[in-house]
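Asks: Take this structure, written in structure tokens, and hold onto it; I'll ask about it next.
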């Protein structure tokens with residue numbers, strides 16, 4: 001049986017042992033609405049706070065992709081799945097231009113070998129060393145902003161000239177303060193669920209900004225070619 005202290009903060013009315021099904025369903029619906037409103041408000045405020053940096057980072061990412069660069073995304077636990085979704089958005093978009101992007105946690109053999117041989121703190125930085133060039137992009141996903149393996153990878157990426165981007169929650173943690181992180185998008189919330197929901201929307205906006213910049217560059221090049229319109 002799950003103890004009340006584990007679930008009470010989520011659904012306190014369930015721990016109250018309500019017996020009336022209609023009342024219970026009403027409470028569930030109200031709880032879902034409250035969470036949706038809370039998430040929506042946080043997403044809107046986060047997008048507003050990060051709007052300038054989203055555009056600036058998207059412009060620099062477009063520069064890197066246009067030069068033949070690649071994107072490397074990484075995270076731990078649930079943030080690893082967020083990194084995978086982010087990388088897939090670039091590599092296999094439903095619209096726009098497919099761009100080279102890789103989730104560094106995708107290869108279980110590589111992750112477990114590095115974790116076993118050199119230590120978990122280096123599982124992403126060693127891949128950055130092995131695969132990246134100075135025209136690439138490193139993107140780390142975290143809720144705390146304090147994961148040692150992510151910070152190590154971002155610092156290694158920065159030393160190698162990569163554009164470094166972090167997604168963090170709470171107050172940003174070490175990631176939000178690190179000089180090696182070019183852009184850190186902080187979702188200021190104490191809820192891991194709300195943080196990850198807002199990070200997902202921020203990631204989409206960053207992808208959309210990058211695609212818009214690349215499309216403008218393509219249109220500009222076509223317009224200046226013979227037969228185009230200047």
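No lab work stands behind these numbers, since they all come straight from the coordinates. Keep in mind it's a predicted model, so treat the numbers as computed, not measured. Using ideal geometry, Cβ is built from the backbone for each residue, glycine included, and neighbour counts are taken over all protein chains shown.
Asks: Normalised by the residues of the stretch 128-230, what does the relative contact order come to in percent, with Cα pairs under 8 Å and at least six apart?
Replies: 20 percent
Asks: If you take the C-alpha gyration tensor of the stretch 129-185, multiply each eigenvalue by 5 and take the square root, what semi-axes do you get, largest first, in whole Å?
Replies: Sorted largest first and rounded, they come to 19, 10, 9 Å.
Asks: For the stretch 107-202, list log₁₀ I(q)/I(0) at each q in 0.19 Å⁻¹, using the Debye formula over Cα point scatterers of equal strength and ignoring solvent, two decimals each.
Replies: Values, matching the q order: -0.88.
Asks: Rounded to the nearest 0.05, what FRET efficiency do residue 95 and residue 146 give with R0 = 22 Å and r taken as the Cβ-Cβ distance? Could you check?
Replies: Computed FRET efficiency for residue 95 and residue 146: 0.05.
Asks: Okay, next question. I need the Kirkwood Rh of the stretch 15-135: take the reciprocal of the average 1/r across all distinct C-alpha pairs and report it in angstrom.
Replies: Taking every pair of different Cα atoms in the stretch 15-135, averaging 1/r and inverting gives 18.0 Å.
Asks: Note down the relative contact order for the chain as a percent, whole number, built from C-alpha pairs under 8 angstrom at least six residues apart.
Replies: So the answer I get is 20 percent.
Asks: Which three semi-axes in whole Å describe the equivalent ellipsoid of the chain, each the square root of 5 times a Cα gyration tensor eigenvalue, listed largest first?
Replies: Whole-Å semi-axes of the equivalent ellipsoid: 36, 24, 15.
Asks: Going by average Cβ neighbours within 10 Å, how do the peptides 64-70, 94-100, 38-44 rank, with the highest at the top?
Replies: Averaged packing, sorted descending, gives the order 64-70, 38-44, 94-100.
Asks: In degrees, nearest 10, range 0 to 90: what is the angle between the Cα axis of helix 78-91 and the longest Cα principal axis of the chain?
Replies: 40 degrees
Asks: Suppose R0 equals 35 Å; then what is the FRET efficiency for residue 28 and residue 112 from their Cβ-Cβ distance, rounded to the nearest 0.05?
Replies: 0.30
Asks: Grab every C-alpha pair in the stretch 92-160, bin the distances at 10 angstrom width from 0 up to the longest one, and report whole percents.
Replies: Pair shares across the bins are 18, 48, 27, 6, 0.
Asks: Now for a separate question. What does the helix-only formula give at 222 nm for the chain: each DSSP H stretch with n ≥ 4 adding -39500 (n - 2.57), the total divided by the residues, and the result rounded to the nearest 500 deg cm²/dmol?
Replies: My calculation for the chain gives -19000 deg cm²/dmol from helical runs alone.
Asks: Count the DSSP beta bridges whose two residues both fall in the stretch 98-187, then state the antiparallel fraction as a percent rounded to the nearest 5.
Replies: Approximately 0 percent, going by the DSSP bridge assignments.
Asks: Using only the alpha carbons of the stretch 47-97, determine the length spanned along each of the three principal axes and report them from longest to shortest in whole angstroms.
Replies: Answer, in whole Å and largest first: 29, 29, 20 Å.
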